[in-house]
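**Student:** I'd like to ask some things about the structure below.
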Amino acid sequence: MNDFVNLITGILKKIIIGFVSTTDPFQDRVSWSGTNYKLRESIERAGFDVQWIPYGHSLKSSILELFIRVWNCVFRRNGRWLARFHFRPLDKVWAKDIDANPKVRECDYLFFPLGSQIALYTKIKKPFINLSGYTVPLMMDYYYFDFLERSKGMAIDMDRAASKEAFINIRSSDWANDSLINDYHCDKNRCFVLEMGANIDTKDIKENSPYDGGQLRILFSGVDWNRKGGDIAVEVVKIMRDKGIDAHLIVVGPRKCPESCMGKPYVNFIGYYDKNNPSDYQKYIDLYEQSHISLLPTKAECGAIVYSEAAAAGMPCYTYLTGGAGNYVINGVNGYALPEGSSALDFAEQIINDINEGRLPKLREGAKKMFVERLSWEVWSNRFHDIMYTFVKS
């Protein structure tokens, strides 16, 4: 009888996943552009219990992080940067933070949204899920520059070791997943691509306004103005206006108005919206409803959440084919990802041609389909459930 009860209890007991992060994934909708919040929500939707396992709040951790910031400030012009998230002494301190948390013992698995190399140094060993948008080799001289060679080697070694030791690896694009297999030689049967969804609640999503001529409202959403190609976006709109399209650029994300936006009546600089603030969150959602297309000429990208947010609103998206962008924007389906090196004129002409040849309605429908089939957190949740139970039962 006891064996039967234990069997039934084991079947009914939910798997507990420890969500390892510096910020609270139950409350913070801003960290990593809100991705931690949506990941935690999606894991719960997949049928798992989630415990937050915080780290990085000890005095020793703060001292080491201060050391890294000071070092990088002093040597930033000399090509001798230290990688904060792949600095072994700091990772070992963070591992102690995790070991000291009694909730870890209750967890069946640990989930690392970045930072999985910390698991290499924990004394309490739990199978862990390694989620990221990249591998370190992809980021060097692409997203990260001027790192100290020793720091670069340390980062790659730890990232490789953690990826090979992970229970499963999840990457947000084929670009990153291919690197796991080709650069790290991870087991491809335990490496999966799950595109990130929109960091807007599904119930709050509203379709954008179809373009019917007149003013074309173009949305640029990105905090990092330079990397996201903000100046290019401004130039695209100027060229379109010169060619007879009443284009207006709406800029959300940067905290300070870039010089290229100043004094231009066709640029509406809104600034930064805090998604933890209900009023700002609603205003951000309204921008997607009020805009016609999304423009993100980003120079380096793992897989911008903006792509999924645009798809959720049925908004065609224009970007560069760089990094993981190809999983989110497919030419002729939900927008166009132009080859790296394409000019502002190339972007302007692509958008104008799509308008003149009547392709925007088709791209709009393609965006909505992409969201339903690939770019929603509901899809992520369902696939995560199936992947986990494939290996839990095996």
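**Student:** What residue among ASP280, ASP157, ASP178 has the largest mean-square fluctuation in a Gaussian network model of the chain, using Cα springs under 10 Å?
**Tutor:** ASP280
**Student:** For the chain, what is the accessible area per residue in Å², given a 1.4 Å probe and the full set of protein chains? Working shown, then result.
**Tutor:** On the way: 17560 Å² over 394 residues.
For the chain, the solvent-accessible area averages 45 Å² per residue.
**Student:** Around ALA46, under 13 Å between beta carbons, what's the net of Lys plus Arg minus Asp minus Glu among the other residues?
**Tutor:** 0
**Student:** Evaluate the relative contact order of the chain (contact order divided by residue number), counting alpha-carbon pairs under 8 angstrom at least 6 apart; express in whole percent. Mind showing how you got there, number by number?
**Tutor:** Working: 720 pairs, mean separation 57.0, N = 394.
After rounding, I find 14 percent.
**Student:** Taking the dipole about the Cα centre of the chain, with the C-beta of Lys and Arg at +1 and of Asp and Glu at -1, give me whichever of MET154, ILE250, ILE218 is farthest to the positive side.
**Tutor:** Checking the options against the dipole of the chain, the answer is MET154.
**Student:** Okay, next question. I'd like the FRET efficiency for GLN51 and GLN290, computed as 1/(1 + (r/R0)^6) with the beta carbon distance as r and R0 of 35 Å, rounded to 0.05.
**Tutor:** 0.35
**Student:** For region 187-265, calculate the relative contact order in percent as a whole number, restricting contacts to Cα pairs under 8 Å that are 6 or more residues apart.
**Tutor:** Values: 56 pairs, mean separation 25.8, N = 79.
Relative CO of region 187-265 lands at 33 percent.
**Student:** Next question, about the same structure. Projecting each Cα onto the charge dipole of region 118-264 (Lys/Arg +1, Asp/Glu -1 at the beta carbon, about the Cα centre), which of ALA166, SER260, LEU138 comes out farthest on the positive side?
**Tutor:** ALA166
**Student:** Can you tell me the relative contact order of region 319-394? Whole percent, Cα pairs under 8 Å, sequence separation 6 or more.
**Tutor:** On the way: 43 pairs, mean separation 19.1, N = 76.
So the answer I get is 25 percent.
**Student:** Set the Förster radius R0 to 25 Å, insert the Cβ-Cβ distance between GLU357 and GLU259 as r into 1/(1 + (r/R0)^6), and round the FRET efficiency to 0.05.
**Tutor:** It comes to 0.10.
**Student:** Suppose R0 equals 35 Å. What FRET efficiency, 1/(1 + (r/R0)^6) with r the Cβ-Cβ distance, do ASN331 and ASN268 give to the nearest 0.05?
**Tutor:** 0.80
**Student:** Now for a different question. Using a Gaussian network model of the chain with C-alpha springs under 10 Å, which one of ARG29, ARG45, ARG255 is most mobile by mean-square fluctuation?
**Tutor:** Most flexible of the set in this elastic network: ARG255.
**Student:** Another question about this same structure. Need the C-alpha centroid separation for region 126-160 versus region 216-244, integer Å.
**Tutor:** 31
**Student:** Multiply the residue gap between LYS60 and LYS123 by 0.36 nm, knock off their C-alpha separation, and tell me the result in nm, one decimal place. Please report the intermediate quantities before stating the final value.
**Tutor:** Values: separation 63, 0.36 × 63 = 22.68 nm, distance 1.82 nm.
Net length gain for the segment: 20.9 nm.
**Student:** Accessible area of region 180-282 with a 1.4 Å probe: how many percent of it is carbon plus sulfur?
**Tutor:** With neighbouring chains kept in place, the figure for region 180-282 is 47 percent.
**Student:** Related question: Report, to two decimal places, the Cα Rg of region 135-242 normalised by 2.2 N^0.38 Å (N = number of residues).
**Tutor:** After normalising by residue count via 2.2 N^0.38 Å, the value is 1.52.
**Student:** Sticking with this one: Only four residue types carry charge here, +1 at the Cβ of Lys and Arg and -1 at the Cβ of Asp and Glu. Report the dipole size of region 93-171 about the Cα centre in Debye, rounded to the nearest 20.
**Tutor:** 280
**Student:** Right, another one. Under the rule that an exposed site lies in a DSSP loop and has at most 15 other Cβ atoms within 10 Å, name the longest stretch of the chain with no GluC sites (Glu not before Pro) of that kind, not counting the sites themselves.
**Tutor:** 1-206
**Student:** Let me ask something additional. Among the lysines, which fall within straight-line cross-link reach of LYS125, defined as a Cα-Cα distance under 17 Å, with same-chain neighbours fewer than 8 residues apart omitted?
**Tutor:** Partners found: LYS92, LYS96, LYS103, LYS164.
**Student:** Something else now. Between GLY366, GLY133, GLY341, which gets the highest mean-square fluctuation from a Gaussian network model of the chain, Cα cutoff 10 Å?
**Tutor:** Evaluated over the chain, the most mobile residue of the options is GLY341.
**Student:** Using +1 at the Cβ of each Lys and Arg and -1 at the Cβ of each Asp and Glu in the chain, identify which of TYR328, ASN177, HIS86 lies farthest towards the dipole's positive end.
**Tutor:** HIS86
**Student:** To the nearest 20 Debye, how big is the dipole of the chain about its Cα centre, given +1 on the beta carbon of each Lys and Arg and -1 on that of each Asp and Glu? It would help to have the intermediate numbers written out before the result.
**Tutor:** Numbers: 49 positive and 48 negative charges, 215 e Å.
Using only the charged Cβ atoms, the result is roughly 1040 debye.
The values are calculated or read from the model by the stated rules, or taken from the named source; none is laboratory data. A quick note: this is a predicted structure, and the numbers were derived from the prediction, not measured. For neighbour counting, all protein chains shown are included, and Cβ atoms are generated from backbone atoms with ideal geometry for every residue, glycine included. In case anyone asks, the SASA skips ligands and DNA or RNA and just uses the protein heavy atoms, side chains included. Shrake-Rupley method; radii C 1.70, N 1.55, O 1.52, S 1.80 Å.
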